[in-house]
Amino acid sequence: MKVVLFAGGVGTRLWPLSRKHTPKQFEKIIGNKSTLQLAVDRILPIFKPEDIFISSGERYEQILLEQLPNIPQKNFILEPEMRDVGAAVGLVAAILEKIAQDEPFIILWSDHLVKNEDLFRKVLVTVGKILEKDKNKIVFIGQQSRFASQNLGWIEFGKKIKNLNEVDLYEFKSLHYRPDFKTAEVFHVSSYHAWNPGYFGTTPSFLFSLYEKYAPEMHKYLVEIQEAWGGSNFKSTLRKIYPSLEKISFDNLILEKIGSAEGYVIRADLGWSDVGAWESLKEALSGNQEENVTKGKVLINDSRDSLIYNYANQMVVGIDLNQFLIINTKDVLLVCPKNSVPKIKKLVESLTGTEHESLT
């Protein structure tokens, strides 16, 4: 079995730490390792380095070499230009279909936190066992919801099919992306819904066949790239063809079109969190809502439910902070209420074309 870690996003919701030149997955957000390094550490007990692939951007190759010296450089699948996840997953499917046609593989993301690592690894192994017997399926991994989230995708599943390796396997029903709050509340109390971390397993041949079926135009170009893989003209072919691929999400391109017969669902309490935004990082790292989360030289008094990350040398002192976010880097100090985090992305986008564009 092989695994692909996606590490290509920019991550503007974690600005000013995450920038175009140093996106969130390469930064030390949790402890003294990047979330990409932590993601690799989580799977090394069950995957050999040669079976771990990294999907990222060409501009980040040197960072990958520095942070992941044990992963073979030939396993870096690098986009010459970002074309959204639909094209990125298609590129991975095309390459793996050529080198490991029917071998199960799992797609994971590099900017997440998983606390229940033993169970997580057990689930991954179980996915592999399922796909060894049923190669023409997608096995979705769902996280048991902790609250009614409007900011996450959800998976709907049906009756239990069987228990394998002490892990329950369910029928797949449908996917729901970022529902409104009332719908999220219904999903949260339902026995047939789970958060969708974006983790799934399948085989390269089946996934690539879905591109042929649902995205024939993109599939045609991906075949050209696939044929060049391993040859001296691969990079030039990739740079010529890939930027012309449609910019579209993987969900819109493929997943929203598949039927219930083409998928399974595993739901488990993995202790999973999407730490791609400051407020979600706060929820993931705090023991309770009142607790503060800090990093670096920080001194706070009479404060609650705040996150203060200090990456500079001077001390950050806070008094009477209530649900605040403070991020201090060498060139930007961000201060805002925690519920204003959704506005960060718009602010960063507004800097493009201005004298402050270098800060993005």
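Data overview
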item: Per DSSP, loop trypsin sites (Lys or Arg not before Pro) in the stretch 315-360 with at most 12 further Cβ within 10 Å; result: Lys330
item: Qualifying lysines (Cα of each under 17 Å from Cα of Lys297; at least 8 residues distant if same chain); result: Lys28, Lys330
item: Karplus (6.51, -1.76, 1.60) ³J(HN,Hα), θ = phi - 60°, over the stretch 268-285, in Hz, Gly and Pro reported as x; result: 8, 8, 8, x, 7, 9, 8, 9, x, 9, 4, 5, 6, 5, 4, 5, 6, 9
item: Neighbour-count ranking [beta-carbon atoms within 10 angstrom, fewest first] of Thr354, Thr22, Thr12; result: Thr354, Thr22, Thr12
item: Relative contact order [Cα under 8 Å, 6+ residues apart], the chain, whole percent; result: 20
item: Inverse mean reciprocal Cα-Cα distance (Kirkwood Rh) of the stretch 16-63, Å; result: 11.9
item: Long-range Cα-Cα pairs in the stretch 222-360 (distance over 27 Å), rounded percent; result: 51
item: Rg/Rh (Cα only; Kirkwood hydrodynamic radius) as it applies to the stretch 1-105; result: 0.96
item: Sorted by Cβ density within 10 Å, fewest first, the residues Lys297, Lys133; result: Lys133, Lys297
item: Gain in span if fully extended, Ser260 to Asp180, counting 0.36 nm per residue against the direct Cα distance; result: 26.5 nm
item: Inter-label distance for Glu132 and Lys346, nm, one decimal - labels placed 7 Å from Cα along Cα-to-Cβ; result: 5.2
item: Centroid-to-centroid separation of the stretch 89-117 and the stretch 319-354 [C-alpha atoms, Å]; result: 33
item: Leading residue at positive end of dipole, the chain (Cβ point charges), from Asn313, Ile107, Ile52; result: Ile52
item: DSSP-defined beta bridges in the stretch 2-276 - what % are antiparallel, rounded to 5; result: 60
item: Peptides ranked, highest mean first, by Cβ atoms within 10 Å: ranges 137-145, 239-247; result: 137-145, 239-247
item: Convex hull per residue volume in Å³, alpha carbons only, for the stretch 2-276; result: 123
item: Cα pair distances exceeding 17 angstrom across the stretch 279-359, given as percent; result: 49
item: For the chain, size of Cβ-based charge dipole, Lys and Arg +1, Asp and Glu -1, in debye; result: 140
item: Ranking of Trp229, Trp272 by count of other Cβ atoms within 10 Å, fewest first; result: Trp229, Trp272
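We did not get these values from a lab; they are worked out from the coordinates using the rules stated. If you're wondering where the values come from, they're calculated on a predicted model, not measured in any experiment. Neighbour counts run over all protein chains shown; Cβ positions are idealised from the backbone, glycine included.
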